[in-house]
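Peer 1: The structure that follows is given in the form of structure tokens.
The values are calculated or read from the model by the stated rules, or taken from the named source; none is laboratory data. This is a predicted model, so every value here is computed, not measured. Positions of Cβ are generated from backbone atoms using ideal geometry, with glycine treated the same way; all protein chains shown enter the neighbour counts. Only protein heavy atoms, including side chains, enter the accessible area calculation; ligands, DNA and RNA are left aside. Shrake-Rupley method; radii C 1.70, N 1.55, O 1.52, S 1.80 Å.
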Amino acid sequence: MKKILICGNYGAKNLGDELILSGLLKLISEIEQEGGEKFAIQVMTADPRRTKEIHTIETVRIFPTGIRSIIQSLFSKDLKKTFQAVGESDLILFGGGDLLNEEEAYSMYLWGLHGKIFQWFRKPYIIIGQSFSWPSKRLNKKIIQSIFEKAKAVFVRDEDSKKVLEKLNITKNIEVTTDLIFALRDESKAEERENKAGIILRNYKKIKIEDLNKKIEQFKEI
């Protein structure tokens, strides 16, 4: 049985990220049903116990980056379990959401570290369902480039993200797909969704109410 490890911003008390994980798990389930093959799945998460309860899936903790979290992981043996999960995986699905972004500078280094560790283990990984804005800092550009060039495949969730990556001279073939959340849609109720839009908010320091109003007005014009 092949082992798939999923890595993303799960267990962070963010509804959008949990829905993304649900969508990804549903896609994997559909692939299993169509291909007749069963996968052993684990999820890297900031809160293994909570993620396991919500999604009824095996979990390990994401790699720590702070001194305190590293020490805690060593004493709790979480770090050992995470390294073991990466080492035993046959494929890593890396993504969902806006992971590598400058709005939260810490995330650039957190997920950049994870990408480099996957490379150190020489594990094939697919970047799936992510989106990107233009990185203004040179180091951040280097982080994105180094992670993407080694990916087995790249799937972004919008055309703007593809243009950003192409502008960064990433030679990897980049495919545009829908947000993983949409895998949860019931296609039999497509008519009921006509002229409806859903918005999930996050607490960004730089978000402005006028920018949100502009986005809502754009939806009205579609």
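Peer 1: Against the condition within 19 Å of residue 85 (Cβ to Cβ) and free of Cβ contacts under 8 Å to residues at least 60 places away in the same chain, how does residue 132 come out, does it pass?
Peer 2: no
Peer 1: If you take the residues of the range 140-164 that are part of a helix (DSSP H, G or I) and either acidic (Asp, Glu) or within 21 Å of residue 183 (Cβ to Cβ) (or both), which of them is nearest to the chain's Cα centre (by Cα)?
Peer 2: This residue is 161.
Peer 1: Quick one: how many residues across the range 121-139 are out of contact with any helix residue (DSSP H, G or I) (no Cβ under 9 Å at 6 or more places or on another chain), surrounded by fewer than 15 Cβ atoms within 10 Å (Cβ to Cβ) and either β-branched (Val, Ile, Thr) or over 25 Å from residue 179 (Cα atoms) (or both)?
Peer 2: Qualifying residue count, the range 121-139: 2.
Per-residue answers, yes or no, for (1) touching a Leu at 6+ places or on another chain (Cβ under 9 Å); (2) β-branched (Val, Ile, Thr); (3) assigned to a helix (DSSP H, G or I):
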| residue | (1), (2), (3) |
| --- | --- |
| 42 | yes, no, no |
| 49 | no, no, yes |
| 53 | no, no, yes |
| 60 | yes, yes, no |
| 63 | yes, no, no |
| 69 | no, no, yes |
| 73 | yes, no, yes |
| 82 | no, yes, yes |
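Peer 1: Oh, and also: Looking at the structure I just gave you, is residue 100 out of contact with any Pro (no Cβ under 6 Å at 6 or more places or on another chain), assigned to a loop (DSSP other than H, G, I, E, B), buried (at least 18 other Cβ atoms within 10 Å of the Cβ) and at pLDDT 85 or above?
Peer 2: yes
Peer 1: Just one of 172, 123, 116 is over 15 Å from the mean Cα position of the chain (by Cα) and part of a helix (DSSP H, G or I); which is it?
Peer 2: 116
Peer 1: Using beta carbons and a limit of 6 Å, which pairs, at least six apart or on different chains, have the first residue in the range 150-174 and farther than 14 Å from residue 135 by Cβ and the second one in a helix (DSSP H, G or I) and open to solvent by 50 Å² or more (accessible area, probe 1.4 Å)?
Peer 2: Correct list of pairs: 156/162; 174/162.
Peer 1: Considering each of 77, 2 in turn, give the residue that is out of contact with any Lys or Arg (no Cβ under 6 Å at 6 or more places or on another chain), surrounded by fewer than 12 Cβ atoms within 10 Å (Cβ to Cβ) and closer than 19 Å to residue 125 by Cβ.
Peer 2: Result: 2 is the single residue among 77, 2 that is out of contact with any Lys or Arg (no Cβ under 6 Å at 6 or more places or on another chain), surrounded by fewer than 12 Cβ atoms within 10 Å (Cβ to Cβ) and closer than 19 Å to residue 125 by Cβ.
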